[in-house]
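Student: Input: one structure, supplied below.
The values are calculated or read from the model by the stated rules, or taken from the named source; none is laboratory data. Computed from a predicted model, the values in this text were never measured in an experiment. Heads up, the Cβs are rebuilt from the backbone with ideal geometry, glycines too, and the neighbour counts pull from every protein chain shown. Only protein heavy atoms, including side chains, enter the accessible area calculation; ligands, DNA and RNA are left aside. Shrake-Rupley method; radii C 1.70, N 1.55, O 1.52, S 1.80 Å.
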Amino acid sequence: MKSPQRILLVGAAGRMGQAVIAAAERQPAIVIAATCNRGERIDARINDCGVVVDFSNADATQEICVACTRAIKPLVTGTTGHSAAAKALIEEAARVIPIVAAPNFSIGINTLSWLARHASNLLGESFDVEIVEAHHREKKDAPSGTAKRLAQILGGRKAGELVIHSIRGGDIVGDHTIIFAGAGERIELTHRASSRETFALGALRAASWVVDRPAGLYAMEDVLGLSGQ
Ligand code: NAD
């Protein structure tokens, strides 16, 4: 029998970290072998693990990328709010190790992305496109990484015109609506996450997938086999 995949979880004490720990407990093929939170060294136990999963903060990106490339360990990062410099660090590290970077690991939102791309192509430029996203009051970045990714997917036809509206309040896990508004009709595509379990399960799926990949930067669409479709 294959031994379980050993994960170093960065941001383990956070909302997403706790959801990943709970999801991993139900998966015999995966074990959270080490954890790391703010103020703790990432590289202390990295050699003991097969893959690093990160749900922390964008200011941890440099340390994580250095530790992973030094130890040659694959990385799955769900952290959002990266600066252009932090994104460049991830791209640089992906020349050495395989990295899955995704602002949203849920299968539903990746299906929404797929639907949005196809709707956008069918509807053409006569439809205006707006994105509305809502998250809990503690979320640090706005707009959400998912909304920015959706805008990127739709941006080819509406460069500079697409507006993202952000709502912050209560304990909303994560809602995203894309509105295609035309003359006399509109389409609204909505995804609502009601539990962080969906993100956690997607991240663990990505962690199992990434260990067999060559160096490179991958998206959740690659993990799900949706890219190019
Ligand atoms: P949180 O504030 O609840 O938890 C963050 C955790 O990261 C804390 O335990 C903190 O100690 C740790 N941390 C912060 N800085 C660190 C550092 N420099 N080194 C090590 N650990 C550090 O946040 P959260 O709600 O769990 O979200 C975490 C991140 O994941 C955010 O960027 C959020 O937007 C993102 N997120 C992604 C997805 C997805 O599917 N990709 C889903 C939900 C949230």
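Student: Tell me which residues, restricted to the stretch 115-127, are crowded, with 16+ Cβ neighbours inside 10 Å and under 21 Å from Ser144 (Cβ atoms).
Tutor: Residues satisfying the conditions are Ala116, Arg117, Ala119, Ser120.
Student: Could you tell me whether any residue of the stretch 59-68 is at pLDDT 95 or above, more than 21 Å from Arg41 (Cβ to Cβ), within 13 Å of the ligand (Cβ to nearest atom) and outside any loop (DSSP other than H, G, I, E, B)?
Tutor: The answer is no; no qualifying residue exists.
Student: Given the structure, is Asn104 under 17 Å from Trp209 (Cβ atoms), near the ligand (Cβ under 10 Å from one of its atoms) and open to solvent by 10 Å² or more (accessible area, probe 1.4 Å)?
Tutor: yes
Student: Restricting to the stretch 158-173, give me the number of residues that are aliphatic (A, V, I, L, M), modelled with pLDDT of 95 or more and open to solvent by less than 40 Å² (accessible area, probe 1.4 Å).
Tutor: Just the residues of the stretch 158-173 that are aliphatic (A, V, I, L, M), to begin with: 159, 162-164, 167, 172-173.
Keeping just the survivors that are modelled with pLDDT of 95 or more gives 167, 172-173.
When the remaining residues are screened for being open to solvent by less than 40 Å² (accessible area, probe 1.4 Å), the result is 173.
Residues meeting the conditions: 1.
Student: Just the residues that are of a type in the set (A, V, I, L, M, F, W, C), open to solvent by 50 Å² or more (accessible area, probe 1.4 Å) and within 11 Å of the ligand (Cβ to nearest atom), please, taken from the stretch 174-217.
Tutor: Within the stretch 174-217, Leu201 is the sole residue that qualifies.
Student: Another question, if that's okay. I'm trying to understand the selection: among the residues of the stretch 19-54, which are touching a residue at least 60 places away in the same chain (Cβ under 8 Å) and open to solvent by 50 Å² or more (accessible area, probe 1.4 Å)?
Tutor: Within the stretch 19-54, Gln27, Ala29 meet the criteria.
Student: Go through (1) touching a residue at least 12 places away in the same chain (Cβ under 8 Å); (2) farther than 17 Å from Asp54 by Cβ; (3) open to solvent by less than 60 Å² (accessible area, probe 1.4 Å) one by one and return the number of the condition Gly225 breaks.
Tutor: Answer for Gly225: the failing condition is (1).
Student: Starting from residues that are closer than 29 Å to Ala207 by Cβ and among the aromatic types (Phe, Trp, Tyr), keep the ones in the stretch 100-157 and report whichever is modelled with the lowest pLDDT.
Tutor: Trp114
Student: Can Val129 be described as away from the ligand (no atom under 11 Å from the Cβ) and either without any contact (Cβ under 8 Å) to a residue 24 or more places away in the chain or not acidic (Asp, Glu) (or both)?
Tutor: Answer is yes for this residue.
Student: For the list (1) within 8 Å of the ligand (Cβ to nearest atom); (2) within 20 Å of the chain's Cα centre (by Cα); (3) under 13 Å from Leu8 (Cα atoms), I need the number of the one condition that Glu40 fails.
Tutor: (2)
Student: Sticking with this one: Restricting attention to helices (runs of 4 or more DSSP H) lying wholly within the stretch 138-229, give those where 1 or more residues are touching an Asp or Glu at 6+ places or on another chain (Cβ under 6 Å). Steps first, please.
Tutor: Numbers: elements: 145-154, 197-210, 220-224.
In the stretch 138-229, the matching helices (runs of 4 or more DSSP H) lie at 145-154.
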